[in-house]
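S.K.: Here it is, the structure, as structure tokens.
Computed from the coordinates by the stated procedures, all read-outs in this text should not be read as laboratory data. Predicted model only: the values in this text are computed from it and were never measured. With ideal geometry, Cβ positions are generated from the backbone for all residues, glycine too; neighbour counts draw on all protein chains shown.
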Amino acid sequence: MRSLDPAISREALQEMLDAHPFVEDYAFTVEHVEHGAVRVSVPFQEKYVRPGGVIPGFIYMATADVATWLAVYTILGHDAALSVTTEMRTSFLSGLAGEEFVCEARVLDAGERLLYGTAECRSRAGSIVTHHAITYIMPPSSRGAKL
């Protein structure tokens, strides 16, 4: 079976992120794109250290949500602009202090209305930090997209 090409390039996803103020403070870098999957990196920023010296959970959750949104873009193209998160379950498995991390998101299934995916945030060394199960709803014009 031939793998599908992504509906949007890594460069186009990065340009989109760079153009939207709602994510600019996180300084996400889109590292890898394939059909239904994206990896982003997040630099360490001292302003996001909580008491105890660790990166707070909302940084991982925001990263997983954005990475999944970008993975949806690789399937729907620009129709994904109107896709929104309907559910996110997060498991915090460990913590990081003073280092950047990466998040890999993958769309597992695209149904008539919903897309189901997972995301994992990991240290650069590969240790898992968080696991996320995320559901997105497709805009009406994109329903029935193929995974």
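S.K.: Tell me whether the range 26-38 contains one or more residues that are farther than 21 Å from Leu108 by Cβ, surrounded by fewer than 13 Cβ atoms within 10 Å (Cβ to Cβ) and not aliphatic (A, V, I, L, M).
M.R.: For the range 26-38, residues farther than 21 Å from Leu108 by Cβ, surrounded by fewer than 13 Cβ atoms within 10 Å (Cβ to Cβ) and not aliphatic (A, V, I, L, M): absent.
S.K.: Now for a separate question. Here are some conditions: (1) under 20 Å from Gly117 (Cβ atoms); (2) among the aliphatic types (A, V, I, L, M); (3) free of Cβ contacts under 8 Å to residues at least 12 places away in the same chain. Ala37 meets all but one. Which one does it not meet?
M.R.: Ala37 satisfies all of (1) under 20 Å from Gly117 (Cβ atoms); (2) among the aliphatic types (A, V, I, L, M); (3) free of Cβ contacts under 8 Å to residues at least 12 places away in the same chain except (3).
S.K.: Name the pairs: first residue in the range 65-80 and over 12 Å from Ala12 (Cβ atoms), second residue among the β-branched types (Val, Ile, Thr) and part of a helix (DSSP H, G or I), Cβ to Cβ under 9 Å, at least 6 apart or on different chains?
M.R.: Matching pairs, first to second residue: Val66/Val23.
S.K.: Could you check the range 1-25 and list, in sequence order, the residues that are surrounded by 15 or more Cβ atoms within 10 Å (Cβ to Cβ), among the hydrophobic types (A, V, I, L, M, F, W, C) and over 14 Å from the mean Cα position of the chain (by Cα)? Give the derivation first.
M.R.: Step one: filter the range 1-25 for residues surrounded by 15 or more Cβ atoms within 10 Å (Cβ to Cβ), giving 6-8, 10, 12-14, 16-17, 23.
From what is left, the residues that are among the hydrophobic types (A, V, I, L, M, F, W, C) are 7-8, 12-13, 16-17, 23.
Hits for the range 1-25 are Ala7, Ile8, Ala12.
S.K.: Could I ask something else about it? Across the range 42-85, what is the number of residues that are farther than 19 Å from Glu100 by Cβ, of a type outside the set (Ser, Thr, Tyr) and in a helix (DSSP H, G or I)?
M.R.: Residues in the range 42-85 being farther than 19 Å from Glu100 by Cβ, of a type outside the set (Ser, Thr, Tyr) and in a helix (DSSP H, G or I): 11 in total.
S.K.: Please go through the range 86-139 and give me each residue that is assigned to a strand (DSSP E or B), surrounded by fewer than 16 Cβ atoms within 10 Å (Cβ to Cβ) and basic (Lys, Arg), ordered by number.
M.R.: Arg89
S.K.: While we're here: For the range 3-30, what are the residues that are in contact with a helix residue (DSSP H, G or I) (Cβ under 8 Å, 6 or more places away or on another chain) and either basic (Lys, Arg) or farther than 11 Å from Leu70 by Cα (or both)?
M.R.: Asp18, Val23, Glu24, Tyr26, Phe28, Thr29 - these are the residues of the range 3-30 that are in contact with a helix residue (DSSP H, G or I) (Cβ under 8 Å, 6 or more places away or on another chain) and either basic (Lys, Arg) or farther than 11 Å from Leu70 by Cα (or both).
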